[in-house]
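For reference, the structure is listed below as structure tokens.
The values are calculated or read from the model by the stated rules, or taken from the named source; none is laboratory data. Worth saying up front: this structure is predicted, and the values here are computed from it rather than measured. Note: ideal-geometry Cβ built from the backbone for every residue, glycine included; neighbour counts use all protein chains shown.
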Amino acid sequence: MKIFLLICWRNLWRHRRRSLIVISSVAIGIFAMMLSMGILNGVYYQAIDNNINIALGHVSIQARGFRDSMTLRNSFVPDDVLIRALAVQEGGTRGYAPRLKMQGMLNSSESSKGVIIVGVDPAREKSVSNIRSYVSGQDSGTFLPDAESNQICISRDVAEKLDVVPGDSIVVMVQDKKDEMVGVGMTVSGLFQTPIDSINQFTAFVGIKRLQEMTGAGDSISEINIALKDRNRVDETKAAIVRAVHDTSLAVLTWKEMAPYLVNSIMVVDAMMYVSFGIIFITIIFSIANTLIMAIMERFHEIGVMKAIGTKPSWIFSMILFESVNLGMIGLVAGIVFSWIVIGILSKVGINFSFHFEAVRAFGSGAVIYPIMRWTDVMAGAVIVMLTTVMAALYPARKGARIEPLEAITFI
Amino acid sequence: MGIITVSDVVKNYENNGLTVSAVQGVTLQIKQGEFSAIAGPSGSGKTTLLNMIGGLDRPSSGTITVAGMELSGMSPKDLADMRLRKIGFVFQAYNLIPVLTARENVEYILLLQGIDREEREKRSIAILNEVGLGNEIDRLPKEMSGGQQQRVAVARAIVSEPSIVLADEPTANLDQKTGEALIDLMHRLNREKKITFLFSTHDKMVMERAERLILLTDGKISQDKVEKPKGGKKTKTSVNAGFKPRVNRKR
């Protein structure tokens, strides 16, 4: 078998330049694939991280029906059992925080704006959310000082709409436990600006105890958000929490279940990318097939001699197939190595997409994207190249296998 | 019964609607261990006959039996297998695999026969030593002279110890001295290994060395002459059979 592989390998280098062109086309195709997937991965991962870190958490325990109707009716009191259940998960949990969420209206002397009012405990919130870090920049004020203060933290977009700055007062209107509207004047503590457009447009933070007090909710909360040390453990953590909580009135949801739009859009974009890679590699199929057909016509006489001295057609077929796969594999390795170097550098320095910021912000990622090369993409690339090279070689290999030895050895 | 039996073989070709007879009713028997040559002018049908004996071409009518196997009923796959196991080929243009070294070219046949690596290496090196190329085993064909390449081709043809070696104009591309040395080598192998050698040639020297000379003219045997013993030695035996042998040697 060694000789057989040697023939394949050495045949590749008989026309060095021609082989290098094919190898380069595969390598460039792979690089294009890895870079575009890397950028998309960067966008996804940042979007997922941002959504998890700012809004969703990895896992949320909430009253059943809360996601359909964000009212106090769908709230619950976290009892000791629940707290103990969370403590069980402490090993894999980075932190957890209670939140009380409801729809409300913000009114200033200039305007009004409908938002989701999120009551948080700033001390606990630090362990699950980095919203505090987005209150930055000149004249931004500060995040909420504590859970009781009569202050509200709103986004720059909302502040602009209401025409207020930190220190100004606005009226916060929400529905209380008796389904009656209550309005409370609050001071704007600070302004945040996250990479997620929907958060900026429709979210405001207040102290959870102040919100409970305003609405007469007592100790009720809407959800407990849990941040994990390892994002890949959400499913097992969810299962463990479900077992520990053992309360059918509560729902335990992962970030994927809370943000299906994000998962679906990632899947759609992934599928579109793979279709475009398919198109790229179909063109490569013709390039490789063309090269192999040329190589076979040049070696017509030689293949005839090989058959004359007893080489079976299936061996000739396999030999040409091997040559094609060899070409593809060299291109694959070259492409992967080049991608690894380039993406490795870009993953440190990032690519600034600020010229396209609105689009990436709608997705929830930042303006600077840090590409990520995943092993799954490398494997996908390997499979695509393998399929491409085998498909490209089928016709030339069949042609080679069917060469008539007599015709070929008399061919000059 | 001979190792090769050709019975009333006819080979016709269609050429622009005309039927051309390359071989016309040839009957011939070659015995085990013969050192024979089929000679004749260009177009006399000697290569066509050799190709049919080697299973590379099929007769229009008649039968050919090689080592007890009747070729006409065999599939292309079986013919390939028969060529691999029973016949060694030596071609005019050497026809070595250009990307393989001398040893690898010889080993290739053994690889096709499914012989294990250790045995392959041992036999290919031994046979290359035998043909005087012990120091050239790692050279590629392009790094060797024509004579050396043809000796590798001979080594490749005999390494699997076939019953028959068919050599189509083996000296045509060689100079006089190299050609003679090659025939000496093949005759020695014929004597020592009892391999049957059948040449097609129009080289006078090869005709003189053959122990049996079969002359073809216009696709028919015009003379079949057995003159023993010769082979390695030059003799003054006449090969005059109504044509002047063409000496086609390149230096």
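Restrict the check to the stretch A:327-338 and report whether at least one residue is in a helix (DSSP H, G or I), at pLDDT 90 or above, out of contact with any strand residue (DSSP E or B) (no Cβ under 6 Å at 6 or more places or on another chain) and of a type in the set (F, W, Y).
Yes, the conditions are met somewhere in the stretch A:327-338.
Identify all residues within the stretch B:86-120 that are surrounded by fewer than 16 Cβ atoms within 10 Å (Cβ to Cβ) and assigned to a helix (DSSP H, G or I); write none if there are none.
Within the stretch B:86-120, B:R117, B:E118, B:E119 meet the criteria.
Please work out which residue is farthest from the chain's Cα centre (by Cα), limiting yourself to the stretch A:282-312 and to residues that are more than 14 Å from every other protein chain (Cβ to nearest Cβ) and farther than 14 Å from A:A393 by Cβ.
Restricting to residues being more than 14 Å from every other protein chain (Cβ to nearest Cβ) and farther than 14 Å from A:A393 by Cβ, the top hit is A:M297.
Right, B:E136: farther than 25 Å from B:A67 by Cβ, part of a loop (DSSP other than H, G, I, E, B) and of a type in the set (D, E, K, R) or not? Spell out the reasoning first.
Working: farther than 25 Å from B:A67 by Cβ: yes; part of a loop (DSSP other than H, G, I, E, B): yes; of a type in the set (D, E, K, R): yes.
Against the criterion (farther than 25 Å from B:A67 by Cβ, part of a loop (DSSP other than H, G, I, E, B) and of a type in the set (D, E, K, R)), B:E136 qualifies.
Rundown of residues vs (1) more than 36 Å from the chain's Cα centre (by Cα); (2) within 14 Å of chain B (Cβ to nearest Cβ), yes/no style:
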site: A:V378; (1), (2): no, no
site: A:T388; (1), (2): no, no
site: A:M391; (1), (2): no, no
site: A:L394; (1), (2): yes, no
site: A:R402; (1), (2): yes, yes
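Can you name the residue in the stretch A:373-384 that is surrounded by 14 or more Cβ atoms within 10 Å (Cβ to Cβ) and at pLDDT 90 or above and is also nearest to A:I23 (Cα to Cα) among such residues?
A:A382
I want to confirm something. Restricting to the stretch B:87-111 and keeping residues that are more than 16 Å from B:S160 (Cβ to Cβ) and in contact with a strand residue (DSSP E or B) (Cβ under 6 Å, 6 or more places away or on another chain), which single residue is nearest to the other protein chains (Cβ to nearest Cβ)?
Ranking the qualifying residues of the stretch B:87-111, first place goes to B:F91.
Tell me, which strands (runs of 3 or more DSSP E) lie completely within the stretch A:149-231 with 3 or more residues that are under 14 Å from A:M102 (Cα atoms)?
A:169-175, A:181-192, A:203-207
Out of A:I341, A:I296, report the one residue that is among the aliphatic types (A, V, I, L, M), in a helix (DSSP H, G or I) and at pLDDT 90 or above.
Working: A:I296 fails: at pLDDT 90 or above.
Step by step, each of A:I341, A:I296 is checked, and only A:I341 is among the aliphatic types (A, V, I, L, M), in a helix (DSSP H, G or I) and at pLDDT 90 or above.
Mind listing just one residue for me: the one in the stretch B:112-131 that is within 20 Å of the chain's Cα centre (by Cα) and away from chain A (no Cβ under 14 Å) and, of those, modelled with the highest pLDDT?
That would be B:L128.
Only one residue in B:I64, B:I53 is in contact (Cβ under 8 Å) with a residue 24 or more places away in the chain, touching a Ser or Thr at 6+ places or on another chain (Cβ under 8 Å), closer than 19 Å to B:Q29 by Cα and aliphatic (A, V, I, L, M), so which one is that? Walk me through it before giving the result.
On the way: B:I53 fails: touching a Ser or Thr at 6+ places or on another chain (Cβ under 8 Å).
Being in contact (Cβ under 8 Å) with a residue 24 or more places away in the chain, touching a Ser or Thr at 6+ places or on another chain (Cβ under 8 Å), closer than 19 Å to B:Q29 by Cα and aliphatic (A, V, I, L, M) holds for just one of B:I64, B:I53, which is B:I64.
Among the residues of the stretch B:47-60, is any within 14 Å of chain A (Cβ to nearest Cβ) and at positive phi?
Yes, that holds for at least one residue.
Restrict the check to the stretch A:15-38 and report whether at least one residue is within 14 Å of chain B (Cβ to nearest Cβ), under 24 Å from B:K142 (Cβ atoms) and among the aliphatic types (A, V, I, L, M).
no
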